[in-house]
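Please read the structure below before turning to the comments.
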Amino acid sequence: MLVFKYGQNTSKPGEAAVIPGGGAQQSDDPETSRRPRARGKGTAPAQMIAERLNKTIVLVGLMGAGKSCVGKRLAACLGLPFIDADREIEAAAGGCSISDIFAIHGEKVFRDGERRVIQRLLGNPMHVLATGGGAFMDASTRALIRERGLSIWLKAELDQLMKRVGRRGDRPLLQNVDPRAKLAELIEVRYPIYAEADLTVDSADGPPDVTVQRVLQAIEAELDRTTQP
């Protein structure tokens, strides 16, 4: 039986894998992905946005939408720690990979662990959190994100997702199926739920910094809207 260390904060202070404006893409090193960056001086005007924030930014969306890649760069701009929920789940499961959890223990066990780990992460100081594609589908997780976070749906079209997921072979839901048909099915089921997020930002079919800027603009507009007298 798989035992998740739900209450253990497996994150460790460290530096970001991506520097704002740099050309590097998402790191494949799970240790680098899991380490949050200590809060420091962000990039202007993003720092001004960070100073107005009072909730964790939670990125939601399908696999391939760019949550981890964009999340790292967004966190670097804002001077906030970045945490990848999938990497935290693996650490809480004693290093068992997401694919192995699915294969050995089943999706139900994974979703239970995912829910508990995200609940713990949302109790941490403010940060940027990238969630797995199915996390926001859980009603209790959505409610918790709504209470403690600012949720942002990174929306991407099917062709765009297909181009990105083809770069990795560790997507449990795409094993032994037609990837395009499965993604189309997930879009139909999940997009109406993702639409309940606080903000929706189109994931750019290009450099991730373009999407980061869109996210910053959306956050700033939301802060302006909610802080008006």
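The values are calculated or read from the model by the stated rules, or taken from the named source; none is laboratory data. Everything numeric in this text was worked out from a predicted model, so none of it was measured. So basically every Cβ, Gly included, is an ideal-geometry build from the backbone, and we count neighbours across all protein chains shown.
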Note down all Cβ pairs under 7 Å where the first residue falls in region 59-76 and is more than 18 Å from residue 206 (Cβ to Cβ) and of a type in the set (Lys, Arg), the second is modelled with pLDDT of 95 or more and crowded, with 24+ Cβ neighbours inside 10 Å, and they're at least six residues apart or on different chains.
none
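Only one of 98, 104 is of a type in the set (Val, Ile, Thr), in contact (Cβ under 8 Å) with a residue 24 or more places away in the chain and touching a helix residue (DSSP H, G or I) at 6+ places or on another chain (Cβ under 7 Å); which? Give the derivation first.
Values: 104 fails: touching a helix residue (DSSP H, G or I) at 6+ places or on another chain (Cβ under 7 Å).
Every option except 98 fails the conditions.
When the residues of region 35-50 are narrowed to those that are assigned to a helix (DSSP H, G or I) and surrounded by 21 or more Cβ atoms within 10 Å (Cβ to Cβ), which ends up modelled with the lowest pLDDT? Break it down stepwise before answering.
As a first pass, look at region 35-50 and keep what is assigned to a helix (DSSP H, G or I): 46-50.
Now restrict to residues that are surrounded by 21 or more Cβ atoms within 10 Å (Cβ to Cβ): 46, 50.
Values: 46: 89, 50: 93.
Here the residue is 46.
If only one of 219, 152 is in a helix (DSSP H, G or I) and either at pLDDT below 95 or of a type in the set (Val, Ile, Thr) (or both), which one is it? Steps first, answer last, please.
Details: 152 fails: in a helix (DSSP H, G or I).
After ruling out the rest, the residue left standing is 219.
If I ask for residues that are in contact (Cβ under 8 Å) with a residue 12 or more places away in the chain and farther than 17 Å from residue 56 by Cα, which ones from region 81-95 would you list?
Initial filter on region 81-95 (in contact (Cβ under 8 Å) with a residue 12 or more places away in the chain): 81-94.
Scanning region 81-95 gives 87, 89, 90, 91, 92, 93, 94.
Does any residue of region 206-216 turn out to be in contact (Cβ under 8 Å) with a residue 12 or more places away in the chain, part of a helix (DSSP H, G or I) and of a type in the set (S, T, N, Q)?
From region 206-216, those in contact (Cβ under 8 Å) with a residue 12 or more places away in the chain are 208-209, 211-212, 214-216; that's our starting set.
Filter once more, so that each one left must be part of a helix (DSSP H, G or I): 208-209, 211-212, 214-216.
Next cut, of a type in the set (S, T, N, Q) only: 211.
Yes, the conditions are met somewhere in region 206-216.
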Going through 197, 130 one at a time, which residue ends up being of a type in the set (A, V, I, L, M), surrounded by 18 or more Cβ atoms within 10 Å (Cβ to Cβ), modelled with pLDDT of 95 or more and touching an Asp or Glu at 6+ places or on another chain (Cβ under 7 Å)?
130
